[in-house]
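The values are calculated or read from the model by the stated rules, or taken from the named source; none is laboratory data. Values in this document were obtained by computation on a predicted structure and should not be read as measured data. Cβ atoms come from the backbone with ideal geometry, glycine included; neighbour counts cover every protein chain shown. In case anyone asks, the SASA skips ligands and DNA or RNA and just uses the protein heavy atoms, side chains included. Shrake-Rupley method; radii C 1.70, N 1.55, O 1.52, S 1.80 Å.
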Amino acid sequence: MVSIKTAARGEKRPLILQAATEVFAEHGFASVTVAGIADHAGIGKGTVYEYFSSKEELLFAVFEWMNDGIAERIRDLLAQDGTTHERLLRLLELGAEITREQVEMQAVILDFWSASRGTASEARYNQACLATYRTYRRLVADVIRTGQTNGELRPDVDADAIAAMVVAAMDGLGIQFFFDRGLDPNATVSGFAEVLLAGLEVRS
């Protein structure tokens, strides 16, 4: 990791978020302190508080930072040339890749969801999740609609409903893989993609 101490002010925030992500993933939300995150980052906790008012605020920022990064990767992938079949397949394969990369964060998100219940943080967390799911569903639905417009996918399917189920499948895969590391996300996605695309594509 680039030294946060020597980083320019505009570069410090993402570096702190990266350090916090690593600590949250390794130790869990409940047992982590701001001082522990600062120690991992090699800075004083006062520097952390310059950017984030609390541990909860920092986790919110990590959550948003991670999901913004995922959404950007999806947009970059979907901007590539290819048929709708190829674009949807690459999208699902990216889901498997992210499942592997971020498996330890599943526990952190579940911890925080539980800890926020009945607190002032609950509504904010719910809204953050809602916004994230809507973004992912819209990105998937847009690909499906493009495929319907150009005649590759069946025009009679509900793009929004299919997108919601694709997002649900990827979300569920992440949770399952956290508890069962014997599950192969790539093989699982491959089988799912084969059935999904066969059902969506126009038959010649």
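Take the residues in the range 150-204 that are of a type in the set (S, T, N, Q) and over 24 Å from TYR133 (Cα atoms); name whichever of them is modelled with the lowest pLDDT. Break it down into steps so the answer makes sense when it comes.
The first filter runs over the range 150-204 and keeps only residues of a type in the set (S, T, N, Q), leaving 150, 176, 186, 188, 190, 204.
Adding the requirement that they be over 24 Å from TYR133 (Cα atoms) leaves 150, 204.
Numbers: ASN150: 96, SER204: 73.
Filtering the range 150-204 for residues that are of a type in the set (S, T, N, Q) and over 24 Å from TYR133 (Cα atoms), the one modelled with the lowest pLDDT comes out as SER204.
Would you say ARG134 is in contact (Cβ under 8 Å) with a residue 24 or more places away in the chain, charged (D, E, K, R) and over 15 Å from ALA96 (Cβ atoms)?
Spelling it out, it is not the case that ARG134 is in contact (Cβ under 8 Å) with a residue 24 or more places away in the chain, charged (D, E, K, R) and over 15 Å from ALA96 (Cβ atoms).
Would you mind finding the one in PHE192, PHE112 that is touching a residue at least 40 places away in the same chain (Cβ under 8 Å), out of contact with any Cys (no Cβ under 7 Å at 6 or more places or on another chain) and either of a type in the set (D, E, K, R) or more than 22 Å from LEU94 (Cβ to Cβ) (or both)? Break it down into steps so the answer makes sense when it comes.
Details: PHE192 fails: either of a type in the set (D, E, K, R) or more than 22 Å from LEU94 (Cβ to Cβ) (or both).
Result of the check over PHE192, PHE112: PHE112.
Here is a check on your reading of the model: is GLU56 over 26 Å from GLY199 (Cβ atoms), surrounded by 18 or more Cβ atoms within 10 Å (Cβ to Cβ) and of a type in the set (Asp, Glu)? Quick ask: steps written out before the conclusion?
On the way: over 26 Å from GLY199 (Cβ atoms): yes; surrounded by 18 or more Cβ atoms within 10 Å (Cβ to Cβ): yes; of a type in the set (Asp, Glu): yes.
When the stated conditions are applied, GLU56 passes them.
Tell me which residues, restricted to the range 112-128, are charged (D, E, K, R) and either under 19 Å from SER53 (Cα atoms) or under 16 Å from the mean Cα position of the chain (by Cα) (or both).
Going through the range 112-128, the residues charged (D, E, K, R) turn out to be 117, 122, 124.
Of everything in the range 112-128, those that are charged (D, E, K, R) and either under 19 Å from SER53 (Cα atoms) or under 16 Å from the mean Cα position of the chain (by Cα) (or both) turn out to be GLU122, ARG124.
Would you tally the residues in the range 184-204 being surrounded by 15 or more Cβ atoms within 10 Å (Cβ to Cβ) and more than 21 Å from ALA71 (Cα to Cα)?
Counting residues in the range 184-204 that are surrounded by 15 or more Cβ atoms within 10 Å (Cβ to Cβ) and more than 21 Å from ALA71 (Cα to Cα) gives 6.
Looking only at the range 108-120, which residues are assigned to a helix (DSSP H, G or I) and open to solvent by 30 Å² or more (accessible area, probe 1.4 Å)? Don't jump to the end; show me each part of the working.
Filtering the range 108-120 for residues assigned to a helix (DSSP H, G or I) gives 108-116.
Across the range 108-120, the qualifying residues are ILE109, LEU110, ASP111, TRP113, SER114, ALA115.
Residue-wise test of (1) open to solvent by 50 Å² or more (accessible area, probe 1.4 Å); (2) without any contact (Cβ under 8 Å) to a residue 24 or more places away in the chain; (3) of a type in the set (Val, Ile, Thr).
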residue: ASN126; (1), (2), (3): yes, yes, no
residue: GLY147; (1), (2), (3): no, no, no
residue: ILE162; (1), (2), (3): no, no, yes
residue: GLY172; (1), (2), (3): no, yes, no
residue: PHE179; (1), (2), (3): yes, yes, no
residue: GLY182; (1), (2), (3): yes, yes, no
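Counting residues that are out of contact with any Pro (no Cβ under 8 Å at 6 or more places or on another chain), modelled with pLDDT under 90 and within 28 Å of MET165 (Cβ to Cβ), which helices (runs of 4 or more DSSP H) fully inside the range 5-100 reach at least 3?
55-78
What are the residues in the range 156-204 that are acidic (Asp, Glu) and in a helix (DSSP H, G or I), if any?
ASP160, ASP171, GLU194
Out of the range 71-104, which residues are of a type in the set (A, V, I, L, M) and crowded, with 18+ Cβ neighbours inside 10 Å?
Result: ILE74, LEU78, LEU88, LEU89, LEU91, LEU92, LEU94, ALA96, ILE98.
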